[in-house]
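The structure appears below as structure tokens.
The values are calculated or read from the model by the stated rules, or taken from the named source; none is laboratory data. It should be emphasised that the depicted structure is a prediction, and the values quoted were computed from it without experimental measurement. Cβ placement follows ideal geometry from the backbone for every residue including glycine, while neighbour counts extend to all protein chains displayed. To get the accessible areas, we keep the full protein, side chains included, count just its heavy atoms, and leave off ligands, DNA and RNA. Shrake-Rupley method; radii C 1.70, N 1.55, O 1.52, S 1.80 Å.
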Amino acid sequence: MNKPNIALVMGGYSGEHDISIQSGCQVYEALDHQKYNVYKIVIDRQGWYCLADNDQHIPVNRHDFTVPGVDRFNLAFIIIHGNPGENGVLQGYFDMLGIPYTTCGYYTSALTFHKGYCNPVVKSFGIVNVARSVLLYDMSKPSLDKIDDAALGYPLFVKPAAGGSSVATTKVKTPDQLLPAIQQAFTEDSQVLVEECISGREFDCGVLRTKTDKYVFPITEIIPLGNHEFFDYEAKYQGFSNEVTPAQCPDAITQQIQQTSSQLYDLLNCRGICRFDYIYDTTRNQLYFLEVNTIPGQSAESIVPKQARAMGISTQQLYEMVIQTCL
């Protein structure tokens, strides 16, 4: 029997390109090459290509997603963080070509990637709190009056409405810092979210449904180190945080986060591995939803693989479950 051909799709057009490449290479090493023919497919602004083991760049035909010398791909394992892998664009492309893929569908991907659109939907479910926010559309004349009217207070967060890895995200403490932060966020996206700051403990929870089971992983607490006041890009990828798995917190909080994550996974019609991020306000004892990552990081030290290992599931087993569910 021929081995299935797996296209491991990485890279992308956003500021998370390099992180995606790191994640993709980790997944490539973890996959069972005795069972699958795995091809590293890199997408970037210069073109789409298959990265061979000898570093040769073999062009990908975008019309039918084929590579010379390779039969049709049986599955696209998408590991692109950001545009076009996490926002529904590739999902729609693969749907038209009839190629299965490992992530949420195009509609769920598009919705969850845009925080300004996803947050009101999550709030409407009535199962978790969502911070108040203002969505800005026009960089030429950002409406600071809208922010004043919302009375979000300081500090507050300014972030691209559609983006990840905390790229161009700023914690704004004073009014004079607001406009520069908005301008920076607009360099990453055409819409910007200005959000009230919820202080507390940050937790993450991964969820995966297979053909037969649903896995809600042990939760992780994110503890920024040094002068990093939140889980920013450096804290995520340059070691300026402690990530404690399983989190050391009361069982009631753990159960609330896991139950909420499981419900959101279903209500948002998620597929594949997703990670749900929260802030637990320790003053008011309330849980606040931050975002859902439909393509969470898969590098060696990424959160979800750690959660799976804490549950007794190896990284290879984790990806095997994802692939077999799709195939």
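Helix-derived [θ] at 222 nm for the chain: sum -39500 (n - 2.57) over DSSP H runs of at least 4, divide by residue count, nearest 500? If you can, show how the numbers build up before the last one.
On the way: 10 runs with 100 residues, N = 327.
Helix-only estimate at 222 nm: -9000 deg cm²/dmol.
Probe radius 1.4 Å, ligands and nucleic acids ignored: give me the carbon and sulfur share of the accessible area of the chain as a rounded percent.
Of the solvent-accessible surface of the chain, carbon and sulfur hold 48 percent.
Looking at the stretch 243-327, which trypsin sites (Lys or Arg not before Pro) are in a loop (DSSP not H, G, I, E or B) and have at most 14 other Cβ atoms within 10 Å?
Arg284
Tell me, what is the FRET efficiency for Asn61 and Leu267 to the nearest 0.05, using R0 = 41 angstrom and their Cβ-Cβ distance as r?
Details: r = 38 Å, r/R0 = 0.92.
Calculated transfer efficiency: 0.60.
Which whole-angstrom value gives the distance between the alpha carbon centres of the stretch 1-50 and the stretch 280-327?
Rounded to whole Å, the Cα centres lie 19 Å apart.
Can you match P(r) over Cα pairs in 20 Å bins from 0, in percent to one of these, (i) 32, 57, 11, 0; (ii) 29, 57, 14, 0; (iii) 31, 52, 14, 3, 0, based on a calculation from the structure here?
Of the labelled values, this structure produces (i).
Within straight cross-link reach of Lys40, meaning Cα distance under 18 Å, which lysines are found once same-chain residues fewer than 8 apart are removed?
Lys3
Label point 7 Å out from Tyr13 along Cα-to-Cβ: which residues of the stretch 178-207 have amide N under 16 Å?
187-191
In debye, nearest 20: dipole of the chain around its Cα centre with unit charges on the Cβ of K, R (+) and D, E (-)? Numbers along the way, then the final one.
Numbers: 24 positive and 35 negative charges, 136 e Å.
Here the size comes out at about 660 debye.
Residue-wise, which Karplus ³J(HN,Hα) couplings in Hz belong to the stretch 274-287, taking 6.51 cos²θ - 1.76 cosθ + 1.60, θ = phi - 60°, and x for glycine or proline?
10, 10, 10, 10, 9, 10, 9, 6, 6, 6, 9, 6, 10, 9
Considering only protein heavy atoms, with the full assembly of protein chains and a 1.4 angstrom probe, order Met10, Met96, Met311, Met321 by accessible area, largest first. Before the final figure, lay out each step's value.
Values: Met10 0, Met96 160, Met311 85, Met321 40 Å².
Sorted descending by solvent-accessible area, the residues read Met96, Met311, Met321, Met10.
Whole number in Å², please: accessible area per residue of the chain, 1.4 Å probe, ligands, DNA and RNA not counted.
I get 45 Å² per residue for this part.
Take the Cβ-Cβ distance between Gln324 and Tyr154 as r, set R0 to 45 Å, and report the resulting FRET efficiency rounded to the nearest 0.05.
Numbers: r = 49 Å, r/R0 = 1.09.
E between Gln324 and Tyr154, to the nearest 0.05, is 0.35.
Taking R0 as 35 Å, what FRET efficiency do you get between Ala300 and Asn2 from their Cβ-Cβ distance, rounded to the nearest 0.05?
My answer for the efficiency is 0.70.
On a straight-distance basis, which lysines could pair with Lys159 in a cross-link, Cα separation under 28 angstrom, same-chain partners fewer than 8 positions away excluded?
Lys115, Lys123, Lys141, Lys146, Lys171, Lys173, Lys236, Lys306
Any idea which of Thr315, Ser261, Pro4 is furthest toward the positive side of the dipole for the chain, if Lys and Arg beta-carbons carry +1 and Asp and Glu beta-carbons -1?
Towards the positive end, the residue furthest out is Pro4.
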